[in-house]
Amino acid sequence: MSNLQLIIKREFIARIRNKTFVIMTFLSPLIGIGMMGLVGWLATMSNDDIKQIAFYDETGLFISDLYDTSEIDYIDYSSFNLEEAKDSVVSKKLYGLLYIPKKQSNRDLAASIQFYADESPSLPILNGIERIISNKLTKQNYKTKGLDLSTIEDSRAQVNIQIENFSGEKTSKMSNYIKMGFGAAMGYFLMMFIIIYGNMVMRSVIEEKTNRIIEIIISSVKPMQLMMGKILGTSFAGILQFFIWLFLGGVLLVITNSVFGISPQPVGVDTSMVLQEGNQQEIQLILQDISKLPLLMIVFSFFIYFIGGYFLYSSIYAAIGAAVDSETDSQQFMMPIILILMLGVYVGFFAVIENPHGTVSTVFSMIPLTSPIVMLMRIPFGVPWWQISISIILLVINIIFMVWLAGKIYRIGILMYGKKPSYKELFKWLKY
């Protein structure tokens with residue numbers, strides 16, 4: 001067995017035998033499922049909280065329109081005066097008071113309506129109230145101008161644009177959201193994997209450097225072999241942990257569903273009724289959109305960019321670990337890495353989603369430091385082979401170059417003690 005294989009094996013075994021690693025491997029799925037359940041429970045509690053809203057309508061126009069819903073109970077305070085209504089709402093701790101004053105024109109009325117509340121009211125609730133009042137005033141304006149409401153409603157055209165590509169394949173309007181979801185999930189997962197396991201590589205180097213174990217190891221192996229062994233060993237441990245998470249998460253979801261009767265469908269929704277309401281075709285189109293995604297390209301690209309991005313950044317993390325004596329000293333070098341990764345995510349969420357084939361999206365999907373994240377977020381939208389090929393070639397070249405640079409820093413840094421390196425010092429090491 002070669003020295004590199006021995007280092008990989010040693011690093012892998014050291015990782016998986018670590019108590020924290022073992023505990024988090026089995027505890028993380030439980031925490032994840034628990035958080036999902038907690039969020040669902042809190043959402044249910046929030047939905048069950050019926051808001052009591054008093055309204056003081058001086059016009060008398062909206063009393064019949066402000067009726068109770070599943071979220072709001074309206075209480076008519078129109079028999080009070082305004083100050084009495086305010087005092088009553090405060091004393092009874094109601095959600096708020098809607099005040100509709102009497103004005104000469106509907107235009108003045110629309111600009112004079114007020115909502116009194118101690119706390120900032122929910123935007124969906126305000127939007128709902130505004131919609132009710134707006135519809136009522138619009139109908140009043142129609143009547144004032146002698147317009148027939150039924151004729152206007154019959155004349156209203158409902159436009160529903162159907163999406164179809166030039167090859168004749170139809171897609172739903174949810175297609176872009178599906179692609180966005182796939183891309184965002186892959187890009188965000190890669191960023192988190194790089195940060196978590198890159199830090200693990202760095203801590204491993206710092207720990208062995210602090211314990212002076214590395215002085216013994218370096219006498220038998222080359223620094224480059226040691227660095228690559230740590231990167232590979234940690235990556236194998238991370239991949240094993242990830243697959244265990246997937247397995248345990250799936251098992252826990254099945255158990256939760258069977259024991260507590262929790263289903264992915266919303267509570268109280270009858271699927272057959274939904275389908276009968278005209279959504280069957282839309283659901284079928286969504287499923288077709290998922291099947292029409294370039295799944296083979298997505299899987300292939302994820303594999304390539306996952307490995308490439310991890311190797312690229314892990315070599316940097318290893319070099320940082322070799323250059324410093326403690327994790328505290330590493331913070332000045334960590335910030336640029338985090339900022340670059342966040343830049344890739346922000347470009348993905350704002351530029352790629354807005355225009356996946358635009359100049360900004362294309363350029364950042366070619367830059368090696370951001371391409372693993374940005375290109376993964378672009379691929380579900382369809383990217384030409386030549387762009388992916390160029391991006392991968394540039395990434396591979398940059399990995400080789402970055403590993404070479406990191407190796408030079410690693411070779412010198414692992415035997416340096418008691419000195420806090422600066423960026424100037426690191427550049428000096430590259431010349432040796």
Screening Ala318, Ala322 for residues that are more than 23 Å from Thr370 (Cβ to Cβ) and among the small types (Gly, Ala, Ser) leaves only Ala322
Can you tell me which residue in the range 152-178 is surrounded by the fewest Cβ atoms within 10 Å (Cβ to Cβ), limited to those that are of a type in the set (Ser, Thr, Tyr) and modelled with pLDDT of 70 or more? Ser155
Consider only pairs whose beta carbons are under 7 Å apart and that are at least six residues apart or on different chains; among these, list those whose first residue lies in the range 134-152 and is part of a helix (DSSP H, G or I) and whose second residue is among the acidic types (Asp, Glu). Lys136/Asp65
Between a residue in the range 310-334 that is assigned by TED's automatic domain parsing to the domain that holds Ile213 and closer than 16 Å to Leu226 by Cα and any residue that is buried (at least 24 other Cβ atoms within 10 Å of the Cβ) and among the aromatic types (Phe, Trp, Tyr), which pairs come within a Cβ distance under 7 Å, given they are 6 or more apart or on different chains? Ala318/Tyr410; Ala319/Tyr410; Ala322/Tyr410
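Residues checked against (1) of a type in the set (D, E, K, R); (2) in a loop (DSSP other than H, G, I, E, B):
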{"residue": "Tyr313", "(1), (2)": "no, no"}
{"residue": "Ile340", "(1), (2)": "no, no"}
{"residue": "Leu343", "(1), (2)": "no, no"}
{"residue": "Leu394", "(1), (2)": "no, no"}
{"residue": "Ile399", "(1), (2)": "no, no"}
{"residue": "Ala406", "(1), (2)": "no, no"}
{"residue": "Lys424", "(1), (2)": "yes, no"}
{"residue": "Tyr432", "(1), (2)": "no, yes"}
Reported set for the range 355-364 where residues are in contact with a helix residue (DSSP H, G or I) (Cβ under 7 Å, 6 or more places away or on another chain) and part of a loop (DSSP other than H, G, I, E, B) is Asn355, Pro356, Gly358
Search the range 204-241 for residues being charged (D, E, K, R) and either free of Cβ contacts under 8 Å to residues at least 24 places away in the same chain or outside any helix (DSSP H, G or I) (or both), and hand back the single one that is surrounded by the fewest Cβ atoms within 10 Å (Cβ to Cβ). Arg212
Filter the range 343-367 down to the residues that are within 23 Å of Ile196 (Cβ to Cβ) and touching a residue at least 60 places away in the same chain (Cβ under 8 Å), then identify the one that is surrounded by the fewest Cβ atoms within 10 Å (Cβ to Cβ). Phe349
If you go through the range 26-40 one residue at a time, do you hit one that is within 33 Å of the chain's Cα centre (by Cα) and assigned to a strand (DSSP E or B)? no
Test: residue in the range 365-386 that is modelled with pLDDT under 85, part of a helix (DSSP H, G or I) and among the charged types (D, E, K, R): no
Counting only residues that are more than 44 Å from the chain's Cα centre (by Cα) and closer than 21 Å to Asn135 by Cβ, how many does the range 58-90 have? 5
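The values are calculated or read from the model by the stated rules, or taken from the named source; none is laboratory data. Just so it is clear, the structure is predicted and the values come from calculations on it, not from any experiment. Positions of Cβ are backbone-derived with ideal geometry, glycine not excepted, and every protein chain shown enters the neighbour counts.
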